[in-house]
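*Asks:* Got a structure for you, written out below as structure tokens; questions coming shortly.
Read-outs: derived from the displayed coordinates by stated rules, not from any lab. Fair warning: this is a prediction, and the values are worked out from it, not measured in the lab. Cβ coordinates were reconstructed from backbone atoms using ideal geometry, including for glycine residues, and neighbour counts include every protein chain displayed.
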Amino acid sequence: MKNWIITAFGAVGAFLTGLLGGWDIAVQTLVIVMAIDYITGLLVAGVFHKSRKSDTGRLESGAGWKGLIRKICTLMVVIVGYRIDLMIGTDYLRDAFCLAFTLNEALSITENLGLMGVPMPEKIKNALEALKKKDE
């Protein structure tokens, strides 16, 4: 039974990795940064009760699921980028998507750290404020 489960997980992992165009540094970095963003988001809501994703600032299962769904959709866009690369014979569109989404996740991590009270350089605070105003 154990071998069957390990084989099944391996097959699913290989399939998903193939869809993403491989398990290179771009995809690894994106997945790692997505996980860190999710964890820091959970900490902001669960420990610090300062989440902007819920009315109370606390953990809400709906907000958590929405976050996971957004991350899955992000990976789907990376898959689309890879498939377009295959169609037109290039190898940079998927990496551009990975880079753009990685930078977006890094900004979210920085914002989460700020909500936790982690000291931030003034330039980063100003950049985050500018992005928030532009988003509104």
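*Asks:* Among the numbered criteria (1) surrounded by 16 or more Cβ atoms within 10 Å (Cβ to Cβ); (2) within 20 Å of residue 131 (Cβ to Cβ), which one does residue 85 miss?
*Replies:* Going through the list (1) surrounded by 16 or more Cβ atoms within 10 Å (Cβ to Cβ); (2) within 20 Å of residue 131 (Cβ to Cβ), residue 85 breaks only (2).
*Asks:* Then there's this: All but one of (1) over 19 Å from the mean Cα position of the chain (by Cα); (2) surrounded by 13 or more Cβ atoms within 10 Å (Cβ to Cβ) hold for residue 8; which doesn't?
*Replies:* (2)
*Asks:* Moving on to the next point. Return the total of residues in segment 32-45 being within 13 Å of residue 68 (Cβ to Cβ) and surrounded by 15 or more Cβ atoms within 10 Å (Cβ to Cβ).
*Replies:* Looking only at that region, the number is 5.
*Asks:* Can you say whether residue 56 is closer than 28 Å to residue 127 by Cα, free of Cβ contacts under 8 Å to residues at least 60 places away in the same chain and either of a type outside the set (A, V, I, L, M, F, W, C) or in contact with a strand residue (DSSP E or B) (Cβ under 8 Å, 6 or more places away or on another chain) (or both), as far as the supplied structure shows?
*Replies:* Values: closer than 28 Å to residue 127 by Cα: yes; free of Cβ contacts under 8 Å to residues at least 60 places away in the same chain: yes; either of a type outside the set (A, V, I, L, M, F, W, C) or in contact with a strand residue (DSSP E or B) (Cβ under 8 Å, 6 or more places away or on another chain) (or both): yes.
Yes: the conditions hold for residue 56.
*Asks:* Would you say residue 131 is hydrophobic (A, V, I, L, M, F, W, C), touching a residue at least 40 places away in the same chain (Cβ under 8 Å) and more than 25 Å from residue 22 (Cβ to Cβ)?
*Replies:* Working: hydrophobic (A, V, I, L, M, F, W, C): yes; touching a residue at least 40 places away in the same chain (Cβ under 8 Å): no; more than 25 Å from residue 22 (Cβ to Cβ): yes.
No; evaluated as a whole, the condition is false for this residue.
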